[in-house]
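The block underneath contains the structure these notes are about, expressed in structure tokens.
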Amino acid sequence: MNRDVLLVLTTILVALIFDFLNGFHDSANSIATVVSTRVLSPKLAVLWAATFNFLAAFFLGTAVAKTIGQGMIRLEHVDQYVVLSGLFGAIAWDLLTWWWGLPTSSSHALIGGYAGAAMMHATLQTGIGTAFAVIIPEGWYKTLIFILVAPVMGVFLGFLFMTAAYWILQHRPPQQVDAWFRKLQLVSAAAYSLGHGGNDAQKTMGILAGALYTAGFMTQSDMRGNWGRFHWPIILAAHAAIALGTYLGGWRIVHTMGQKITKLKPVGGFCAESAGAITLFGTALAGIPVSTTHTITGAIVGVGSVQRLSAVRWGVAGRIVWAWILTIPASAAVASATFLLVHMFQR
């Protein structure tokens, strides 16, 4: 087999493995609330979430994928080894935080790894002074801004929805409220999983498109348009991989998300998932690659803080925030070191 073809096939396989791990790592985000409120058993919850992760392929477009694929890193500084090294950096960070039980962002690990590998490539080619030339500022501005905005939106909407629910339902018996929201939470969990699949699978779609373009399988016109003949293969492969990862599940993180931050009832689960889904729909359609982890964590905090501030376990939330801060630089460091090793091996 031609070496270039083998390399691009390897890149695609690694990208889909990352997508699978993204679903595996982030499955807790989709199912923690619906499991912790006992609306669904864990097995049914992951099946429910995985189904809507896949169905997102047909609803939320490719705007986020276009941002990742050509809006953050200048493609002239990207080759197959950059993509592979970036993916390795993201996978390494995902596995470490999965082992530690921290719900960090696979999305930010991916863009951090991609940037770190591209910067090392530029450094080795033209010197360290050109490292930051690979960055497209416009794509990073909105991404970095929404590292803060997305969880704040989740907190605000979660708090708003929970306050409204308390006010509207204050005279209803608790048993009746629970019965209503056990059914409604199926809808909110489905909506959140749709947003999760639509946002996170698109990041891998962007990487797949970039790999095919740098390998010469797509033209510049295809890359700027709808990826030509690769349009549906890219979309369906990415959504199938993330859905499979969600189905198999990241059980270490479920406990952190569902119980350690705050205790949830069905009405709280519905409000948190609805807040997260609205945020993810809006950002996916706007082409902003946000963290689904940040979003749902913010929403859970917002819901919990309605009862009283002490209902939120701020120590756990603090550990999660520190992991968020370290995600991009840590994955960038691993990816740049990986690219350097690959370069030395090639020489």
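The values are calculated or read from the model by the stated rules, or taken from the named source; none is laboratory data. Fair warning: this is a prediction, and the values are worked out from it, not measured in the lab. All Cβ positions, even for glycine, are placed from backbone atoms using ideal geometry, and neighbour counts span all protein chains on display. Accessible surface areas use protein heavy atoms only, side chains included; no ligands, DNA or RNA. Shrake-Rupley method; radii C 1.70, N 1.55, O 1.52, S 1.80 Å.
Keeping the other protein chains in place, figure out the carbon and sulfur percent of the accessible area of the chain, with a 1.4 Å probe.
Looking at the chain in its full context, I get 71 percent from C and S.
Check Val290: other-chain or 5+ apart residues with amide H under 5 Å from its amide H, H built from backbone geometry?
none
Assuming 0.36 nm per residue, please report the length gained on full extension of the stretch Trp180 to Ile325 beyond their Cα-Cα distance.
Stretched fully, the Trp180-Ile325 segment lengthens by 48.4 nm.
Roll a 1.4 Å probe over the protein chains and send me the accessible area per residue for the chain in Å².
42
Specify whether the C-alpha gyration tensor of segment 1-114 places it in the rounded, prolate or oblate class, a ≥ b ≥ c being the square roots of the eigenvalues: rounded for a/c under 1.5, otherwise prolate if a/b is larger than b/c and oblate if not.
prolate
Any of Lys142/Lys203; Lys203/Lys265; Lys183/Lys265 with alpha carbons more than 21 Å apart? Name them for me.
Long pairs (Cα-Cα over 21 Å): Lys203/Lys265.
Please give the contour-minus-distance gain from Ile145 to Leu341: 0.36 nm per residue of separation, less the Cα-Cα distance, rounded to one decimal in nm.
That works out to 67.3 nm of additional length.
May I ask for the net charge around Ala335, where only other residues with Cβ less than 14 Å from the Cβ of Ala335 are counted and Lys, Arg are +1 while Asp, Glu are -1?
With Lys, Arg at +1 and Asp, Glu at -1, the neighbours total -2.
Would you kindly find the accessible area of Arg74, with a 1.4 Å probe and non-protein molecules such as ligands, DNA and RNA excluded, rounding to the nearest 10 Å²?
90
Considering the options Val149, Gly116, Tyr81, tell which one lies farthest towards the positive end of the dipole of segment 1-154, charges being +1 on Lys and Arg and -1 on Asp and Glu at the Cβ, about the Cα centre.
In segment 1-154, that residue is Val149.
Given a Förster distance of 35 angstrom, what is the FRET efficiency for Leu248 paired with Ile128, based on the Cβ-Cβ distance and rounded to 0.05?
The formula returns an efficiency of 0.25 here.
About its Cα centre, how strong a charge dipole does the chain have in debye, to the nearest 20, once Lys and Arg get +1 and Asp and Glu get -1 at the Cβ?
My answer is approximately 900 debye.
When the Karplus curve 6.51 cos²θ - 1.76 cosθ + 1.60 is applied with θ = phi - 60°, which whole-Hz ³J(HN,Hα) does each residue of segment 15-25 get, with x for Gly and Pro?
Using θ = phi - 60°, the values come out as 4, 6, 5, 4, 4, 4, 5, 4, x, 4, 5 Hz.
So what's segment 95-155 giving for Rg/Rh, alpha carbon basis, Kirkwood Rh from the mean inverse pair distance?
Answer for segment 95-155: 1.09.
By the scheme Lys and Arg +1, Asp and Glu -1, what is the net charge of all other residues having a beta-carbon under 9 Å from that of Ile242?
Around Ile242, the charge tally is -3.
Kindly write out, for segment 51-61 in residue order, the coupling ³J(HN,Hα) from the Karplus curve 6.51 cos²θ - 1.76 cosθ + 1.60 (θ = phi - 60°), rounded to whole Hz, with x marking Gly and Pro.
4, 7, 4, 6, 5, 4, 4, 9, 10, 10, x
Please turn the phi angles of segment 212-225 into ³J(HN,Hα) values with the Karplus equation 6.51 cos²θ - 1.76 cosθ + 1.60 (θ = phi - 60°), one per residue in order, whole Hz, x for glycine and proline.
5, 5, 5, 7, x, 7, 10, 7, 4, 5, 4, 5, 6, x
Tell me which residues come under 5 Å, amide H to amide H, from Ile73 once H is placed; ignore anything under 5 positions away on its chain.
Ile136
Distances over 37 Å make up what percent of all Cα-Cα pairs in the chain?
Tail of the P(r) past 37 Å holds 17 percent of the pairs.
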